[in-house]
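Here's the structure we're looking at; comments come further down.
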Amino acid sequence: MGAQPKLGVQLYTLREYIRNYEDTEKTFAFLQELGVNVIQISGIGDFPAIEQAELVRKYGMDVCVTHKSFERMQNDLDALIDEHLLLGCDSIGIGGMPTCYRGSLEGAKAFIKEAERIGKHMRKRGVRFNYHNHDFEFLAYDGRRVMDVLIEDSDPELIWFVPDVAWMQIAGENPAQYIKKMQNRIKVLHFKDFIKNEDGRQFTEIGLGQCDLAGCYKACVEMDVPYIVYEQDSGFAVNALESTKVSFENMKKIALENA
């Protein structure tokens, strides 16, 4: 069995509370009180990376990965890498495939080619390209699902993954099994939960929904995945701060019960 993953929070969950330096500092203090020292930076306000890095150091946060725009990766890559080096972060993620690449096998392959070009330059500078999935990647074109193509047709040295297990289960996959296809290509995994209702599905706090998070945790231990972070797009019981409290406590319980 592998080591226990470090648990953290994806700041996109708290995006309404990180719009500027002052609010972000309050949010970091809140997370520190909860015992959180691992974060993913995504959805943060437009203030300088050097100021973000100042808060990261002040509150002892480990930035495990980010989500940044693909356009910035294409057009401003060295500056983007410099910002991550300031943050002490070696993994730059994309939140999803740009729409111009979606809807065909050819589009997926074109995306891989461009992502590998970017990933090759990132690797030279000591960081790594990461891809975060939704459910649309499990649509098939010409007999192949996009997610399978992303895994099977890409260079494992240049493209890593941030698997979102809830989106996988929503798409009809068994996430605890499917993530094993990404063995040795996962630094950070997203824990997200959901319930199905009359409107289709709704995200909810960790441990209160239908996602097989216990199975996913066990798989992460077996695979030596270093980090698991909580993410919730919507469906907050009271607000994102209260949901984060509940979810982080429940993540710790899942980890304790499935170590």
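From the residues in segment 21-53 that are in contact with an Asp or Glu (Cβ under 9 Å, 6 or more places away or on another chain) and free of Cβ contacts under 8 Å to residues at least 24 places away in the same chain, which one is least open to solvent (accessible area, probe 1.4 Å)? The qualifying residue least open to solvent (accessible area, probe 1.4 Å) is Asp23. Here Asp199 meets the list (1) acidic (Asp, Glu); (2) open to solvent by 10 Å² or more (accessible area, probe 1.4 Å); (3) in contact with a Gly (Cβ under 9 Å, 6 or more places away or on another chain) almost entirely, failing just condition (3). Checking Leu208, Leu256 one by one, the residue that is over 26 Å from Val63 (Cβ atoms) and either open to solvent by less than 10 Å² (accessible area, probe 1.4 Å) or at pLDDT 95 or above (or both) is Leu208 and no other.
A search for C-beta distances below 7 Å between a residue of segment 110-123 that is within 10 Å of Ile159 (Cα to Cα) and any residue that is part of a helix (DSSP H, G or I) and among the small types (Gly, Ala, Ser), counting only pairs 6+ apart in sequence or on different chains, returns nothing.
One residue stands out in segment 114-151 among those that are basic (Lys, Arg) and more than 24 Å from Asp76 (Cβ to Cβ): the one that is surrounded by the most Cβ atoms within 10 Å (Cβ to Cβ), namely Arg145. Among the residues of segment 203-251, count how many are outside any helix (DSSP H, G or I), under 14 Å from Arg15 (Cβ atoms) and among the polar types (S, T, N, Q). The qualifying residues number 3. Contact annotation: no residue pair with Cβ atoms under 7 Å, 6 or more positions apart or on different chains, pairs a residue in segment 155-180 that is without any contact (Cβ under 8 Å) to a residue 40 or more places away in the chain and crowded, with 17+ Cβ neighbours inside 10 Å with a partner that is part of a loop (DSSP other than H, G, I, E, B) and among the hydrophobic types (A, V, I, L, M, F, W, C).
The values are calculated or read from the model by the stated rules, or taken from the named source; none is laboratory data. Worth saying up front: this structure is predicted, and the values here are computed from it rather than measured. Virtual Cβ from ideal backbone geometry, glycine too; neighbours counted across all protein chains shown. Note: accessible area is taken over every heavy atom of the protein model, side chains too, but ligands, DNA and RNA are not part of it. Shrake-Rupley method; radii C 1.70, N 1.55, O 1.52, S 1.80 Å.
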